[in-house]
Structures are given as structure tokens and as C-alpha cells.
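Below: the structure, in C-alpha cells.
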Amino acid sequence: MTLVNSTSVAVERPESVTEAADLLRGTDGPLLFRGAGTKQAWAGRPVEPALVVETGRLSSVLAYNPADMTVAVGAGMPLRDLQDLLGEKGQWLALDPSTESAGATVGGLLGTGDSGPRRLRYGALRDLVIGVTLVLSDGTVARGGGTVIKNVAGYDLPKLLYGSLGTLGLVAEVVLRLHPRPAATATATVQVPVDEAGELALRLAASPLEPAAVDWGDVDGGLLAVRFEGTPAGVEGRRSAAGELLGGAAGVEWRTGADEETVWQRLAEGHRPEEEETLAVAGTLPGRTADVAWALSEAAEASGVRTALASRPALGLHTARFAGAPAAVGAAVTAWRERVLAMGGSVLLRDRPAAVDAEVDAVGPPPSSVGLLRSLHRRLDPHGRCAPGRLGSWLPHPAPGEDRDRS
Amino acid sequence: MTTYTEEYRELVAETPRGAVTAAFREEVAAVVSPGGLISEPAQLHTYECDGLTGYRVTPALVVLPATTEEVAAVVRLCARHRIPFVARGAGTGLSGGALPVADGIVIGLARMRKMLSVDVDNQRAVVQPGVTNAGISAAVGGHDLYFAPDPSSQIVCTIGGNVAENSGGAHCLKYGFTTNHVLALTFVTPDGDVVTLGGDSTDQLGPDLRAVVLGSEGTLGIVTEITVRLLRRPEAVRTLVADFPDAEQAGNAVSDLVAAGIVPAAVEMLDELAIEACEKAVQAGYTLGSPAALVVELDGVEAEVEEEFERVQEICRRNASTHIRIAGDPVERAKVWKGRKAAFAAMGRISPDYFVQDGVIPRTKLGSTLTRIREMSDAAGLRVANVFHAGDGNLHPLVLYDAAVPGQAEQAEHLATAIVELCVEQGGSITGEHGVGSDKACSMVKMFGPDDLTVMARIRAAFDPQGLCNPGKVLPTPRLCGERPGPYRPHPLESAGIIERL
Ligand SMILES: Cc1cc2nc3c(=O)[nH]c(=O)nc-3n(C[C@H](O)[C@H](O)[C@H](O)COP(=O)(O)OP(=O)(O)OC[C@H]3O[C@@H](n4cnc5c(N)ncnc54)[C@H](O)[C@@H]3O)c2cc1C
């Protein structure tokens, strides 16, 4: 099926891996792969594609073995739908990104490396993916990994694709490891500023309490939420020690049921951009939370933009939102990124208004491994068709409109 | 269908190589610190094989660099003179991954065994590749921290080898493999460049290059520094050994544990022969004559572990467990694990020779696969002992034989290969933790099609266009493996006299 959208870019929605492969083999020019389209603005802005390949019809369950706790799905399967299905068997894919409610797909989540608060306990999709089918831009279909949890045969193609942002090929199928849904959960909240939240996160990590999630948001003047899950006795049994660690019974509130879900929904808001906002995520050592926050407020002050922070201090992942004039936002993002890189971290620029693009280098300076990245890219996508521009200056790409050499 | 694409053949074709001359030796000697060169024939023999002792090749030279810069300098010389090189840790690998290349050199990381730093607050440590797996946990134990991957060889094997093999251990069902516990690598590319993969942040921008190096069995470059994630020691640990009337019922108990939503830290199974061998070797208190035993360990928060431990016992009893032994204290627990971890070596007590096999099946096929293995073992007239990570379906059948009986070694090897191919038929894998190495390169075609292999060969060529970095491992060489996926044939290198089987 071919759809043509307003700017006359062809859009295809293949129904099978073979169809997808034929499609890529039979065309040339820049490609863009799209799941639910929730993260098309992440990292660099790709050049205008000749063809958009949507995974919406590659969305079936290929194999589900509840007793083996594995599932294989088409990459276009929305996470939300998958969780519904798995929930019937008391299982889930242990991933809770804030874009789930917007329809984010499994393939898109793997390609972008998005995650949520419970990454602390279960890891990222990188840790949960066990197999993949990849379609390269020349139509080569390659499988990597397998269908069993434990497997070290061959190179780990599934994990290589984590965070690849559609630059190596089309993720067409994904095999995942599952977890049992915990029987009980409870969340302790305490009102603290971000630097204190950073301290508490380190103390939680040093304790044997094994929190499932530790999130801080700019909510009610600064709210730290700590989730515990497991068996009812296990959750109950942590209450007193956790309460004490978090500052004594006075300040700590325990939330369960709808009240608990509301807290987590409010905190998830901090990781989504509002209209016209620019959003970037920094990763650092967990102990750098206060430094990241401080660097952000200084960058905001110097450029005269409004910023907000939402942090997962135990993971060292921090989402910053910027609002203001494009040039000022560009300056603030650049300044903040410089500070984060200087402390050994990394920054991924996410959503932003188009006007901000001209004001900021979307990917920042290349890492020492950029030579390997280029060489790998050259081997897997020799004509540079996959989302050219997505990794900015890190990968070579022609300027928009430039003739493509396919010699 | 052909086994290999034309492109694959070109990618893995051997390129012209240089020779290790006296001049080359001198150049190498000039870039490594004193004591870093081994060229005495008697000493070179020490490096001729890894834990897979059946394959042996004497390297032309062994180099023991002391720093990342020295490794890079040696690799640059290899690249310039087109000399193949093989990285080596402790040499405990069981798939011939560290098997030297004739006319190539071995780069041993044994002299690089410093713990460079420990960051208690951020729960990580930076270590050199020659540090032993157990050495890491020992160094940070005082802070209630440990390194989770726990291969049975942990006292000896190195973290560099663990990274290369993506090693697992008994506790990887709950905690994952080496790849889940490595945050950053300092990496010497086959050109001799030094780069960092990964970093302080859990995520880097772009494809995860660190992930593809993990488990690449030394074929993409040499790892010279590793930042590992450390975990807080769990508050409580509870361990039991449950005996069962047969393996099928033990397998059912495991299924019931999983169905109950319990994720044990470890679930290990031993069969009667394995129990006999372990008891002879270390007297760990397993019940002699029991057809099957499960070791189940739970860890985590005290209240939770207590609650689930009760349920585990209930489930074992429901599945006809004949005896449950609870490890009452750390000493008793250590004894249980000593028995399990000694299992491979213990085979020497009940058989003059044995092959250690490593394959994976979907856990739910445990019962039927064990039955098939028994039938195959009967048909071959060879005993097979089974020790395995039952939670994730990772089997370690041990094929027992006597090399003094003519033909029996070959027969045993055929049986071991047939077992692993059975695993693939069941939807599993040719290796769960020991790696492909040189041993199973030819079996890769059982699991991966021509295009899958081509893409792997492209990845390898991206890192190592000259094909000098641990060549002949992981990816099948059409010339040596034959054209068609089929039953195992003797390794042609063997017939060619390049490697000898002992
Ligand atoms: C008794 C016994 C029990 C075992 N139990 C387990 C187990 O439970 N789980 C498990 O996973 N494995 C197990 N093994 C296998 C083996 O111990 C592991 O594969 C281990 O990780 C190998 O480490 P090593 O230092 O001995 O590496 P080596 O054998 O020296 O090398 C292994 C591979 O790694 C490469 N390599 C080594 N160092 C580097 C480096 N710095 N950079 C790049 N490549 C490098 C080599 O080229 C080779 O390909 C066991 C082995 C034995 C003998």
C-alpha cells in the first residue's frame, strides 16, 4: 500500500518482513522508519526522505510462550497492546516509558532506547531484548540473537540496535524476555529538593531495600517517589526501614492503589515536552544529580530561558525541559551539554520546535569511537540511506537535495 | 539453499599475512616493558590451548603488555606487518576462543591485573582485564558490594575473558550476564587505536557499540579497561537442595516456580551421574543415588525471601521431591555451591576423559530433551552426565569417554555435537555461555542463515578489515567447515596436522 502525504513523500506500510525487504531493495534515496512517530524529532533532524516505511502492519504476535517467559512480536506492536496481552498471563515486558500511552511501539522503543522509572530494577530494553530481525537498506534480512533467554552465539545484533535511532536498518521483529507482574507495590513519597533527592538515592542504593524506581520531579516544590514491589510481605516488610532512611515518619507518605498511580503519572509528565518546549536527557554518574541540576539552572540564567528538571537520580538519568526564544534555548542546551560532557556524561537532544534546530548542534562533539561507528555504518548501510542526518556530523550525509551517488 | 553468500566468502577470505620474523620480534620487544616477551619454545607450549585442550597450536610469540598503550603499540605492529593476534586471559575458555593462530602472536593480559578504582557511592569499579572475576567481588566485599556474573571458573578466569565471552553463571537467571554489568570499556581496535565504548551514563547516543563488543570473543579488538557495575549484597539468601525421583519431575518443579511468579537467584539441576562425581570430588552432601537434584537459591529482601522460600518448598514437595535439605548457614551454603561449581572437574573422578558441552533449549522442553539425550547416549554406548542451569534452559551435558579406547574420542565428540544440534532443533542455541570459539564455528550454520552470517561478517569487517584479530573464531570458514550444514566432520586442520587432538 502506498500513501502519499502532503509533501509527496511516499509512505509504505509493509505487512511482512519479505515485503519490507523487497521495498527497500527496490527503491533508492533516503529512508525513514516510523513506528508510532512519537520520537521522530530525537537527535538530529534527518533529511527529507524519499520513502517513509511505517511498521504499523508489522504488529502481530509471532510467538508467545508464557511458560518460557518470552515473546516475539512485529516491531510495530504498540507496547500498550503488548502489555494488555501479557497481563492476561500475569506477565509484562518490564518497561514503562512515558511514551507508552502515546502508542510507542516495541521497535521504536528499541531503536531510541527509551525507558521509564522501573529501569532501575529491570534494566532497559537493551537488557530485555533477546532476538531481532533487521532489514538493511539493501534488502538483506538478518536475524540476530535467538528466542531463548540465554544465548551467546554470534554477535549481539539485538543490543547493537539499542539506541541506533533507525540509522542501521529497519527493526522488523523483536524477541523479548518477560517478567512476572509483581503481586504488590507501594510508593513512598517525600518532599525534598533535587540535591537532597540525589543524596537519598545513593543511600537507597547502598541499602538492601532494592527499590524498583526512584524518581524526582519538580512537583509540589520537589517530590521524590520511591517504589517498592514484590510479594505483599516483601513490600510491607520494607516500610519501616525505608521510612526511616527517607527521613522519619513525619515527612514520608505511603501511597498505594490509584493514589500511587497518580503520583507516577504526574512524575511522568516531567519527561514529556509541552508544546514549544525543547527536551534533552542527560546521563551521568548517579552521584552527579546535584551538579546536573546546578548546571541547568546556571545555563537557564545565562540564556534567559525557563527550564525544568525531572530526574531518576539512582540511574543518573535527568530530563531537562527548556522554553524560550529559539536562540536562547539553543545556547542553554549547548551550555548545559558542555557541562554534562565535562563531568563524563552524555546528552541526547529530544523533542524541540523546528526553529531551535538552527541554534544547536543536535548531537554535540563526536565520541572517540566515532571512527568505529562510521565504519560499521558504511558496512551496514553503504549508501547512507537510513535516516541520513539523524546522527548529525557523526555520520556522513549529503545536504538535503544533493544528488545521491549510488555507484 | 547455499550455506554462504558470495559476499560472505569474500568477507571471511584469508588475506595475505606477514611472518613473525626476528625483526618483528625486536620491534615488539621495543614497545613492551621488560619481561613482556615469551619466545622460548618450552614456554610457548603453555599457551598452545585454552580449556578446550583437544585443539592445540603453538604461537610464534607471546606478548604480555603491561599497559593499554603497550597493547595498542603491539596491535599497531601487527596491523602494519599483517600478523594475526589472539587475546588471552586465563585460558579457561571452553570453546577454543584463545586458541593461537599458527604464525600469529598471543597477546596475554595476565600482567594487567590492577583494580584501578572503586567508586562505592556510584557502585562501580574500573579494572584491568587480567583481574579475576572473583577478585573483583573480593576487593569490594567490604563495602557490601559484589560483581554479579559468577562463572564456575570465577576464581581463575579474568574479567577480560568474561567480557569477551559474555560469561554467565548460576545467578544469571535473575541478574543477567556480563553484558548487563559492564558500563564502559577501553578498547584497542585492530588498527591500534584506543577508544572508549560506553561511559558514565547508562546510555550513549547512537548504536550500542559496547554491546556488540561484549560476547564478541576477542574478534573485534582487545579490551584493556573495564568499568563494571557492582550490586549491593542482598539482605537475605536462602538455599535448598531438593531430590527428585526423576529429572522430569524436577523440571516440572522449575516450571511451577516460574508459573508462581518466583524468579529465583539460581536454579541448578544435577542428575545421578553428576551427583556421584561431585560427591566423589568434594563431598558436598548431595544424596548419592538420587536420580535428580535441584539447587534453588532465593535472595533479596528478608521478608520476601522468607515468604517465597516457603512456597518453593511447597512446590518441590508437590512435585514429589523425596528429600529437601536446607542450607542453614553460609558455611553449609558454600558447601552446596562448592559441589555444583566443581561439577565439570569432578567428572575426572568417574571417567578418564570427558567433553563439556554447552547448549540452550527453551526451558519448557527440558523433560523431552533430557529423554532424547538419554536415548542418544544409550545408542552411542557412552555415558552422559547432566549439570545445568535449569532456570534458563542452559544444559551442560558431559559426555564421558576413554581416549585409550580407539575411536571413542571421535564417537564422544560426535555425540556432543549431535546434542548441541538437538538444542537448535528445539528452538534453542548452540551456546549459552561457553561461546562459539573455534569449537563451534562450523555449527553456526545450524542456527544462522546465509544472510545472518553475512551481516555478522560485515560487522566483523567493520572493526577488523584485515582479518587479523582472532581469525578463525566465531564465524565459520567455508573452506574448513564444508559447504553444507550437515553432521560434524573432523576438523580439517586436524587432518592437515596443524592441530593435534590429545
Ligand atoms: C571448570 C570451568 C567452569 C566454567 N564455568 C563457566 C560458567 O559457569 N559460565 C561461563 O560463562 N563460563 C564458564 N567457563 C568458561 C570460561 O571460564 C569463561 O569463558 C571465561 O570467561 C574465560 O575467561 P578467561 O580469562 O579464561 O579467558 P580465555 O579463555 O583466556 O579467553 C576467552 C576468550 O576471550 C578472549 N579474550 C580474553 N581476554 C580478552 C581481552 N582482554 N580482550 C578481548 N578478548 C579477550 C580470548 O581471545 C578468547 O576468545 C568455565 C570454564 C571452566 C574451565
Show me the three semi-axes of the equivalent ellipsoid for the stretch B:312-369, from the C-alpha gyration tensor (sqrt of 5 times each eigenvalue), largest first, rounded to whole Å.
25, 21, 11
Which order, highest average first, do B:402-411, A:202-211 follow once you tally other Cβ atoms within 10 Å for each residue and take the mean per peptide?
A:202-211, B:402-411
Nothing charged except the Cβ atoms of Lys and Arg (+1) and of Asp and Glu (-1): what's the magnitude of the dipole of the protein assembly as shown about its Cα centre? Round to the nearest 20 debye.
1220
Under 11 Å from the Cβ of A:Gly247, count the other residues' Cβ atoms, weight Lys and Arg +1, Asp and Glu -1, and hand me the total.
-2
Relative contact order of the stretch B:115-232, pairs being alpha-carbon contacts under 8 Å that are 6 or more residues apart, as %:
32
The stretch B:39-140, accessible area per residue, ligands and nucleic acids excluded (1.4 Å, Å²)
35
Tally up the carbon and sulfur contribution to the accessible surface of the stretch A:184-269 as a whole percent, 1.4 Å probe, everything protein left in place.
51
If I model a spin label as a point 7 Å beyond the Cα along the Cα-Cβ vector, how far apart are those points for A:Leu62 and B:Arg113 in nm?
4.4
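Applying a 10 Å radius around every beta-carbon, put A:8-20, A:269-281, A:312-324, B:54-66 in order of their mean neighbour count, most first.
A:312-324, B:54-66, A:269-281, A:8-20
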Looking at chain A, what % of its DSSP beta bridges pair antiparallel, to the nearest 5?
90
Would you mind checking the radius of gyration and Dmax of the protein assembly as shown based on alpha-carbon positions, in Å?
27.0, 84
From phi via Karplus (6.51, -1.76, 1.60), per-residue ³J(HN,Hα) for the stretch A:25-42 in Hz, x at Gly/Pro
5, x, 10, 9, x, x, 10, 9, 9, 9, x, 8, x, 7, 9, 5, 8, 5
Peptides ranked, highest mean first, by Cβ atoms within 10 Å: ranges A:233-243, B:463-473
B:463-473, A:233-243
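Explain nothing, just the number: relative contact order of the stretch B:251-346, from Cα pairs under 8 Å at least 6 residues apart, as a whole percent.
Relative CO of the stretch B:251-346 lands at 36 percent.
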On average, how many beta carbons from a partner chain sit within 10 Å of the beta carbon of a residue in A:231-239?
6
I'd like to know how the stretch B:115-232 sits against the 2.2 N^0.38 Å rule of thumb: what's its Cα Rg over that expected value?
0.98
Karplus-derived 3J(HN,Hα), 6.51/-1.76/1.60, for each residue of the stretch A:270-282, Hz, glycine and proline x:
x, 9, 10, x, 7, 2, 6, 8, 10, 10, 9, 10, 9
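Once Rh for chain B is found with the Kirkwood sum over Cα pairs, what is the Stokes-Einstein diffusion coefficient at 37 °C and 0.692 mPa s, in µm²/s?
Rounded, D is 139 µm²/s.
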Could you bin all the Cα-Cα distances of the stretch A:273-358 into 10 Å bins starting at 0 and give me the percent of pairs in each, rounded to whole numbers?
20, 56, 22, 1
How high is the relative contact order of chain A, given as a whole-number percent (alpha carbon pairs under 8 Å, six or more residues apart)?
17
Rounded to the nearest 5, what % of DSSP beta bridges with both residues in the protein assembly as shown are antiparallel?
90
Apply the a/c threshold of 1.5 to the C-alpha gyration tensor of chain A and tell me whether it is rounded, prolate or oblate.
oblate
Mind checking the dipole of the stretch A:22-106: about its Cα centre, +1 per Lys or Arg Cβ, -1 per Asp or Glu Cβ, Debye to the nearest 20?
160
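Within 10 Å of each Cβ in peptide B:446-455, how many partner chain Cβ atoms are there on average? Round it to a whole number, please.
Working: counts 1, 5, 6, 3, 2, 8, 9, 2, 3, 14.
Neighbouring Cβ atoms belonging to other protein chains average 5 per residue here.
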Among B:Lys341/B:Lys365; A:Lys150/B:Lys341; A:Lys159/B:Lys114; B:Lys114/B:Lys440, which pairs are too far apart, with a Cα-Cα distance over 26 Å?
A:Lys159/B:Lys114; B:Lys114/B:Lys440
Charge tally for neighbours of B:Val106 with beta carbon under 11 Å away, counting Lys, Arg as +1 and Asp, Glu as -1, is -1
Tail fraction, Cα-Cα pairs, the stretch B:235-437, threshold 20 Å, whole percent
55
Suppose all protein chains stay in the model; what accessible area per residue would a 1.4 Å probe give for chain A, in Å²?
36
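Peptide A:363-370: average number of partner chain Cβ atoms within 10 Å per residue?
Mean partner-chain Cβ count within 10 Å for A:363-370: 5.
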Per residue, what volume in Å³ does the Cα convex hull of the stretch A:184-269 take up?
81
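The values are calculated or read from the model by the stated rules, or taken from the named source; none is laboratory data. All of these numbers come straight from a predicted model, not from anything done at the bench. Methodologically, a virtual Cβ is constructed for each residue, glycine included, from the backbone with ideal geometry; neighbour enumeration extends over all protein chains shown. The area values use the complete protein model at the heavy-atom level, side chains included, leaving out ligands, DNA and RNA. Shrake-Rupley method; radii C 1.70, N 1.55, O 1.52, S 1.80 Å.
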